[in-house]
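Structure, as structure tokens:
FYI, it's all coordinate maths here, none of it is from the lab. Keep in mind it's a predicted model, so treat the numbers as computed, not measured. Every residue, glycine as well, gets a Cβ built from its backbone with ideal geometry; the counts of neighbours run over all protein chains shown.
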Amino acid sequence: MGGKPPEGVRLIGEDGRRHDGRLPHELRPIHMEVGVLNNADGSAIVQYGRTRVLAAVYGPREPHQKFPLLPDRAALRVRYHMAPFSTEDRKSPAPSRREIELSKVVRESLEPIVIAEEFPRTVIDVFLEVLQADGGTRTASVTAASLALADAGIPMKALVGSVAIGKVEGVLVVDVDELEDMYGEADMPVAAAPDLGEITLLQLNGVLSREEFSTALEMALESIKTIVDMEKDVLRKTYTSVEGGEQ
Amino acid sequence: MGGKPPEGVRLIGEDGRRHDGRLPHELRPIHMEVGVLNNADGSAIVQYGRTRVLAAVYGPREPHQKFPLLPDRAALRVRYHMAPFSTEDRKSPAPSRREIELSKVVRESLEPIVIAEEFPRTVIDVFLEVLQADGGTRTASVTAASLALADAGIPMKALVGSVAIGKVEGVLVVDVDELEDMYGEADMPVAAAPDLGEITLLQLNGVLSREEFSTALEMALESIKTIVDMEKDVLRKTYTSVEGGEQ
Amino acid sequence: MGGKPPEGVRLIGEDGRRHDGRLPHELRPIHMEVGVLNNADGSAIVQYGRTRVLAAVYGPREPHQKFPLLPDRAALRVRYHMAPFSTEDRKSPAPSRREIELSKVVRESLEPIVIAEEFPRTVIDVFLEVLQADGGTRTASVTAASLALADAGIPMKALVGSVAIGKVEGVLVVDVDELEDMYGEADMPVAAAPDLGEITLLQLNGVLSREEFSTALEMALESIKTIVDMEKDVLRKTYTSVEGGEQ
Amino acid sequence: MSITPFRTPIAPSLVKEAYLALLKKGWRPGDRDLKTPRNLKIETGIIEKAEGSALVKLGNTQVIAGVKADIGSPFRDTPDQGVLTVHAEFVPLASPMFEPGPPDENAIEVARVVDRSLREVGAVDLPSLAIIPGEKVWVVWVDLYVIDHDGNLFDASMLATMAALLTARLPAYEESESGEILLKRGTPGEPIKVNTWITTVTTAKIGGYVVVDPNLEEEAISDVRLVTALDSGGRIVGMQKTGMGGLTTRDVERMIEYSIEASKVYFKALEDSIKR
Amino acid sequence: MSITPFRTPIAPSLVKEAYLALLKKGWRPGDRDLKTPRNLKIETGIIEKAEGSALVKLGNTQVIAGVKADIGSPFRDTPDQGVLTVHAEFVPLASPMFEPGPPDENAIEVARVVDRSLREVGAVDLPSLAIIPGEKVWVVWVDLYVIDHDGNLFDASMLATMAALLTARLPAYEESESGEILLKRGTPGEPIKVNTWITTVTTAKIGGYVVVDPNLEEEAISDVRLVTALDSGGRIVGMQKTGMGGLTTRDVERMIEYSIEASKVYFKALEDSIKR
Amino acid sequence: MSITPFRTPIAPSLVKEAYLALLKKGWRPGDRDLKTPRNLKIETGIIEKAEGSALVKLGNTQVIAGVKADIGSPFRDTPDQGVLTVHAEFVPLASPMFEPGPPDENAIEVARVVDRSLREVGAVDLPSLAIIPGEKVWVVWVDLYVIDHDGNLFDASMLATMAALLTARLPAYEESESGEILLKRGTPGEPIKVNTWITTVTTAKIGGYVVVDPNLEEEAISDVRLVTALDSGGRIVGMQKTGMGGLTTRDVERMIEYSIEASKVYFKALEDSIKR
């Protein structure tokens, strides 16, 4: 964050529009699809603009490698991982410190919604592969995980969705992309389950006043509602059409 | 592969002989010896010219480290490893990608001949240490493994032997050494159990026409027959003399 | 070792005193304290001059990670580790070969004094963290470990203490610091349990004649007696005052 | 250290019996004969930020190849050539059998077979990847990402690699006054010069039969596989026996024959994919 | 790979019940109310050989921060700035729950939250750490060493970091004729310029209650925690939800409120520590 | 992390009793008295491609040392000296107790004891390994390879190291016009200058007895061992107590006495080996 954007790029134009033409409260074009993989018990691909994340869920199952299982619930295992070709400069495939932190943060965004108590002594695996990174990879990951969990038939209290609010040239904007993240003043990823009224991921990188923070949080929750509605839509369409086909 | 050999070196001379005086179908001087180590259950040293490989076999035994054993047969564990001092430039002792692949390929060259079904839930370890590398380290490894397995008394369907065929200045040659490998057009390592009529290792690096391939394969199988005869000879002499000594 | 000390520094002055004013047989100011940590079952901090080592003991306990326990005694696990900020140039936190060797040597200095037979199938953990390194980190570690074991109530045959003898400009000196180690001719760390008459650690880096060695060993044992007396003092004071406070 | 793998218990002997009966009639499940690869779809340009990319669907197997390029130093022994590296990851979302962690022997084998198939025949024109010979060259990475594993990862990986390379564009760049090379990522520059089109064809031996492009179940019941790398002229440019069984000379000859035939299908699909 | 951790069995539900009853009255064990951090002691200069250092005791939690500096190269994209790196180790002497080995996700999270809290607001003046811009800069390491873990490692680590940085002196140095920089370790040179004082305040949600500076037992029975990084003007300069539960908007607002209040206690302690 | 090892169950107490009875008479199995090392064979030049090499057979223990040299940079604090590194691997073919993987504490200990024994006394003339002082120096690796383990790996390793170094020849080289050093591998150049001959002698304490050069069984029943590095003049140039027991001053003095005596046997064998 910080520094000046490349010449000719205006983060917020005179018309109040962002470098890609969006208004401050506008999401990027979002694409969601479930059941995209054959082997996984559940899968989804989610795109926020050029950011593209593939999610797969396996489980509840017994893990290959021995590790201490939980006696009263399923353990959630989450891996957030970037493909080497997903970034400007090739990313080394070894897990970075950033990936380790984000795996934890994404797992903790899913813990409140998964009903893990139904499957003691098992593991539910959520594998996230960032295929292309253009800002918002963790938020797209949470959304993709939510869909893949649903697709896998894992019982959930609610769906979760995620978006990042940014502050760019003093303006709060929804769903920051890489350029806005890089040259903006703040980036605040939020995940929430609107049907539960719960925030399940909350991070802030950058500086916000007390008031800006409250506004940003409200903007995030509003956009997340939209995203979760899209999730419901996709799931409804997928399963209706499948059931229809089976009749 | 590719590039020009050092000045003054002719890969194929006007008399049809190779840079070290061999004719195309000639093997390097081969030396084999079994029972060279005290601790191992079976051991062998094999030299193809300056290439020198030491093999040790332990087992069937229970492994130290826990890993999933096979209920219906012994697991074969093979490690192909190069000593740091075996190469022109010192080799780092950490296993390289090449060593990992060759461990697999060598293991798969032994799988068809070891009667592993006799020892379920055990492991048979084959450790290969390349002491000096001058071309043909994997083929010498297979031959050494065959001898060490026999020396360890592991039941086998047949002995296996191995040699690499090369294409050098358009000529197919037997048992390529490092120089021929480096400046030749193709290198095709083959392992086989002549008494079974089975090819157990087959790789090709380089370019061959359909016809060249068939000729090369035939040349390989012929040389392997010679090598396996040498193996039998060494085993016969070793065990006869031991038994003689015991009388 | 070897090389010349920085300009202006005289390792042994005309008055026979060392660069920091000590006489050859003098220890640095030594500080010992036990019970400095809350979580550990036993703990101690030991300072030899500017060298500072923190020790913690956990156990006898069952280890988290599975590893083969001993059927007839507790296993001793010792980790000697340097904090990244303990050295002139930042030390990488990954364990170095030196740390691996010293962990072994320190463990072996404690094995003869711990009565491990009382706790079969358990582990006693001794964690040593060098907070500041100014020469003698392994010897201060042994002393700190001895105190922390006592503080943890682990049954011991005797206390152990440790000091390094150096040879500096031909003179044998007690408790070498970093500067003397760096520019001296020999460094001989010794640990012993005076009440048992047993030497439990003995290393020599550098050159000593047969006679010098015997003198050095004698000097070491004498200083170790002093150090172990200090240990007893600290333990007596700590536990007397605690008991007093409880009345 | 290579260890005999667990045989996936997918295919008990009864299944194999039934399967062999079908093979005897010249057929495989899904109305496939022994010599025909599965349905093949190749999509290129699927990762806009990569220099080149392709998604290959071979039946239910899915592999992505991504090409990234950067400026680097040449190897000491080939100062006038660029550097090409192939790396494969079998990420755990692709199969219940895959675990997270560094590439295992199977992933390494795939990457190295693809790499050698390209390298030995000079498929990628490495000299043209030198920018300032002896000093600065293009370092090109091909990253293979298996995302759904239903068998025959070799062919899917090789096809994805070729399609990605054939459609790749190196980033445009400028040389600064001080001689530094400044990449303009996002602005496509020169394509990567490919001298020869290569494909591998994998055949499996099941009982006495040879089949082309085995799926996962077929791999599980097969005795052994042969990966044959071919150029479009039918020359053999690489080969790898993989799996635990042995092969007779006759097996090998038959496998090569089938492979040459099937390679035409693969080459055709490649051609179609890059036209689009 | 992040895995649901074992809940430490320290706090069975009976304990939680009793605890909630106490919270209801506005109190915590040890006569602490919900908004007050534990007893805080900050000691600086405890590692003479480090460029800066501090020992923080927050209740029974003890964390050491050590600052080391060396000469190095700047990052490519910030050629005119020094480099600051925060690294945390949860060494096994600090807790029966810690095992030896490379930092796990919890240690990495602490280090990265501290790092971002400093970085995003420019707390450490990185441009002033450039020696020869574009070539040689100070590379500054903050190493966090948790030596006794009784909860709230975030705040203890952040406070230790600030106290160590605020009292750090870079080594004096000379430039040789050939332009080499020769460090004179042991001779203190310039201080590290700190533009803004930062602290984090960690709050935990237990049942319906919010408490400041949870200890280990409170962490164990809490649903979730929020780490809020603040500057002395009450601006929010970083945030991290950590733990398995969720938060309502109302929770978040209350947590921030409590945090801003508690930050004053922390800043006061920091100020006192560096005066000494 | 160092952990109390499993005692190899080779030697139950009955065996030890019987053994001690024999020791009491001044003998060991195989008609060996307490002070005499096992049969020692040293063969040099066994790896033609290495700069130097030796195979040592000490009883049934076999260790190979290989010396490789390359051009590299000197250490910052010794710009005018070459670099010598000793590395030991206990490869799994040498013993049923060895597992594949990076060197464990035992292999590291052997390598470091050998290294220090050479280094502290300046046995290898490092200044003569500088090619262009401050810039290019010889980097010399001694790699120890234990191939059959029947005890006393220290002495076998040290002897192999010395024999390999004493017979090593650095590669010949040319300086190109641009100042680059071009190695001519295969053409032997200068020998490595050895200033002092060093050996270690390992003694073990078994019950009240001290024995020289313990074999594996003796190591298993011994209480503790002492490795004493000596030069040919009888000076002590290194020492390492290894193993779990303690030593009295009297033990140590006796062990040194025995070691000095036995070192003569080792030096003689070394001398013979390099003459050949």
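Here region E:104-119 and region E:200-246 have alpha carbon centers that stand 15 Å from each other. Round to a whole angstrom and tell me the spacing of the C-alpha centers of region E:133-196 and region E:65-81. Rounded to whole Å, the Cα centres lie 10 Å apart. Applying the Karplus relation 6.51 cos²θ - 1.76 cosθ + 1.60 with θ = phi - 60° to region F:91-102 yields 3J(HN,Hα) values of 5, x, 6, 7, 6, x, 7, 8, 10, x, x, x Hz, where x marks Gly and Pro.
Helical runs (DSSP H, four residues minimum) scored at -39500 (n - 2.57) apiece and divided by the length of chain D put the mean residue ellipticity at 222 nm at -9000 deg cm²/dmol. Helix C:210-246 axis versus longest C-alpha principal axis of chain C: approximately 40°, rounded to the nearest ten.
Helix A:137-151 and the longest principal axis of the Cα set of chain A meet at an angle near 30°.
Database remark: amide H of A:Gly135 closer than 5 angstrom to the amide H of A:Glu178 (H placed geometrically; neighbours at sequence offset of 5 or more, or on other chains; Pro and chain starts carry no H). Fewest neighbouring Cβ atoms within 10 Å first, the residues B:Met182, E:Met239 line up as B:Met182, E:Met239. For region F:79-153, the equivalent ellipsoid built from the Cα gyration tensor has semi-axes of 30, 12, 9 Å, listed from largest to smallest. Among D:Phe90, B:Phe85, the ranking by other beta carbons within 10 Å of each residue's beta carbon, starting with the fewest, stands as D:Phe90, B:Phe85.
At 222 nm, what value in deg cm²/dmol follows for chain B if DSSP H runs of at least 4 each add -39500 (n - 2.57) and the sum is divided by all its residues, to the nearest 500?
Working: 4 runs with 72 residues, N = 247.
One gets -10000 deg cm²/dmol as the mean residue ellipticity at 222 nm.
The mean number of partner chain beta-carbon atoms within 10 angstrom of a residue's beta-carbon across peptide E:48-61 is 3.
Placing dummy labels 7 Å off each Cα toward the beta-carbon, the span from A:Leu23 to D:Lys24 is 7.2 nm.
With the biggest extent put first, the Cα atoms of region E:1-146 measure 62, 34, 29 Å across the principal axes. The coefficient of translational diffusion for region F:171-240, derived via Stokes-Einstein from the alpha carbon Kirkwood radius under 10 °C and 1.306 mPa s, stands at 100 µm²/s.
Using every pair of separate Cα atoms, the Kirkwood estimate puts the hydrodynamic radius of region C:96-176 at 14.1 angstrom.
Annotation: amide H-H contacts under 5 Å for E:Ile131 (H modelled 1.01 Å from N, sequence separation of 5 or more, or interchain): E:Lys136, E:Val137, E:Trp138.
For region A:30-242, the fraction of alpha-carbon pairs lying more than 26 Å apart is 32 percent, rounded to a whole number.
Could you tell me the distance between the Cα centroids of region A:87-115 and region C:39-116, to the nearest Å? First find each Cα centre; the distance between them is then 33 Å.
Arrange the peptides F:198-206, B:228-236, B:169-177 so that the one whose residues have, on average, the most other Cβ atoms within 10 Å appears first.
Values: F:198-206: 26.2, B:228-236: 16.8, B:169-177: 20.1.
My ranking of the peptides, most packed first, is F:198-206, B:169-177, B:228-236.
How big is region B:150-189 by the Kirkwood estimate over distinct Cα pairs, in Å? Please report the intermediate quantities before stating the final value.
On the way: mean 1/r = 0.0856 Å⁻¹.
It is 11.7 Å.
If R0 equals 30 Å, the separation of the Cβ atoms of F:Met97 and C:Lys157 corresponds to a calculated FRET efficiency of about 0.55. Inter-copy label distances at C:Glu88, using a point 7 Å along Cα-to-Cβ, come to 4.0, 4.0 nm with the shortest given first.
Given Cβ point charges of +1 (Lys, Arg) and -1 (Asp, Glu) and nothing else, what value in debye, to the nearest 20, does the dipole of region C:1-145 about its Cα centre take? Before the final figure, lay out the partial values.
Working: 21 positive and 20 negative charges, 71 e Å.
So the dipole magnitude of region C:1-145 works out to roughly 340 debye.
For the protein assembly as shown, how big is the tail of P(r) above 52 Å, as a whole percent of Cα pairs? Considering the protein assembly as shown, 37 percent of its Cα-Cα pairs are separated by more than 52 Å. Its alpha carbons give region D:59-121 an Rg and a Dmax of 14.6, 44 Å. Ranked by the mean number of other Cβ atoms within 10 Å per residue, highest first, peptides E:251-263, E:108-120 order as E:108-120, E:251-263.
Computed about its Cα centre, the charge dipole of chain F is approximately 900 debye, with only Lys, Arg, Asp and Glu carrying charge at their Cβ.
Using the Cβ-Cβ distance between C:Leu69 and A:Asp195 with R0 set to 51 Å, the FRET efficiency works out to roughly 0.55. Two numbers describe the Cα atoms of region D:25-275: Rg and Dmax, which are 18.8, 71 Å. Treating r as the C-beta distance of A:Arg10 and D:Glu43 and R0 as 30 Å, the FRET efficiency rounds to 0.30. 3J(HN,Hα) couplings calculated from phi for region B:67-75 with the Karplus curve 6.51 cos²θ - 1.76 cosθ + 1.60 (θ = phi - 60°) are, in sequence order, 7, x, 7, 8, x, 10, 6, 6, 7 Hz; Gly and Pro show x.
In this Cβ point-charge picture (+1 for Lys and Arg, -1 for Asp and Glu), the protein assembly as shown has a dipole of about 1860 debye about its Cα centre. Couplings 3J(HN,Hα) for region C:179-187, derived from phi with the Karplus relation 6.51 cos²θ - 1.76 cosθ + 1.60 (θ = phi - 60°), are 5, 5, 5, 5, 10, x, 9, 7, 9 Hz, where x marks Gly and Pro.
Give me the inter-chain shielding for D:229-242: mean count of other chain Cβ atoms within 10 Å, whole number please.
Numbers: counts 3, 1, 1, 0, 1, 2, 6, 11, 6, 8, 8, 7, 11, 5.
Partner Cβ neighbours, averaged per residue: 5.
With only Cα atoms counted, region B:1-127 has Rg and Dmax values of 19.1, 59 Å. Against chain C, whose longest principal axis is taken from its Cα atoms, helix C:97-110 shows a tilt of about 70°.
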